[in-house]
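Report on the following structure.
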Amino acid sequence: MARDSGFAYPPGIKPLLRFQLNGSFNVLKDFAGKATDEEWTARSFPSANIIGFTVWHAARSIDWAVNCVLRDQPELVEGAEWKDLSRPDAFFGAGATKEAADDVAKSVPRQRVIDYLAALGPDTLAWLDSTPQEWLDQPVDLKSDRSRERGYVDEPVWEAIEDLNGIPRWQFLARPCVSHIRVHLGEVTSQLESLRA
């Protein structure tokens, strides 16, 4: 039976996907390392999220996508060492209220997010290296029991992620963990430049 080409994992794309995923960790750590603690908790304009929240959200999005969704295991942030980064009312950033987002930025130190990214990266890349191509072709299920238990299939989170449900796993990995990260990197970079102007 021929497979739907929309689900086909392009031959030879895994090294590129790995390169880009590794880049996500590097650009976030680099940005957080260059921002000051004062900038981490600053808002560049009234309707903007605080910079520290956006970087935390980007890191949490990778943890959610890889561990909760793709690996169906506890997120790194659920472990004892990283519990202080967990903010259940902010989920992984999607669907967070402005108040919850502000609390994240003001209560999660910049260095903790850098350390979290440094811990998350190697395990994530090792997992990708060991994952068969055929598995990555299959559709992603965002409504697993684990996701339900964490409120990720309820509003307001579901509204932000429902269009990702059912896409091929490799595309899912590329969206929240790569393209979404680059969008937010552009956002916080311009905000930081505005703060420094």
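Here are the numbers for this structure:
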{"item": "Residue selected from region 147-176 under the condition surrounded by 15 or more Cβ atoms within 10 Å (Cβ to Cβ) and small (Gly, Ala, Ser), by the criterion modelled with the highest pLDDT", "result": "ALA174"}
{"item": "Some residue of region 59-67 being in contact with a Leu (Cβ under 8 Å, 6 or more places away or on another chain) and of a type in the set (Lys, Arg)", "result": "yes"}
{"item": "Where a residue in region 52-80 is closer than 15 Å to GLY121 by Cβ and its partner, wherever it lies, is among the polar types (S, T, N, Q) and surrounded by fewer than 24 Cβ atoms within 10 Å (Cβ to Cβ), with Cβ under 8 Å and at least six apart", "result": "ASN67/GLN73; GLU75/ASN67; LEU76/ASN67; VAL77/SER86"}
{"item": "Candidate set: region 177-197, residues that are closer than 17 Å to PHE19 by Cβ and in contact (Cβ under 8 Å) with a residue 12 or more places away in the chain; chosen: the one surrounded by the fewest Cβ atoms within 10 Å (Cβ to Cβ)", "result": "ARG182"}
{"item": "From the options SER44, SER5, residue that is surrounded by 18 or more Cβ atoms within 10 Å (Cβ to Cβ), modelled with pLDDT under 95 and part of a loop (DSSP other than H, G, I, E, B)", "result": "SER44"}
{"item": "Filter pass, VAL183 being within 16 Å of TRP56 (Cβ to Cβ), within 17 Å of the chain's Cα centre (by Cα) and not polar (S, T, N, Q)", "result": "yes"}
{"item": "Helices (runs of 4 or more DSSP H) completely within region 107-178 that count 2 or more residues being under 30 Å from GLU38 (Cβ atoms)", "result": "110-130"}
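To keep it simple, each residue is scored yes or no on (1) of a type in the set (A, V, I, L, M); (2) part of a helix (DSSP H, G or I).
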| site | (1), (2) |
| --- | --- |
| HIS57 | no, yes |
| ILE62 | yes, yes |
| CYS68 | no, yes |
| ASP89 | no, yes |
| GLY95 | no, no |
| ALA100 | yes, yes |
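The values are calculated or read from the model by the stated rules, or taken from the named source; none is laboratory data. Worth saying up front: this structure is predicted, and the values here are computed from it rather than measured. Cβ coordinates were reconstructed from backbone atoms using ideal geometry, including for glycine residues, and neighbour counts include every protein chain displayed.
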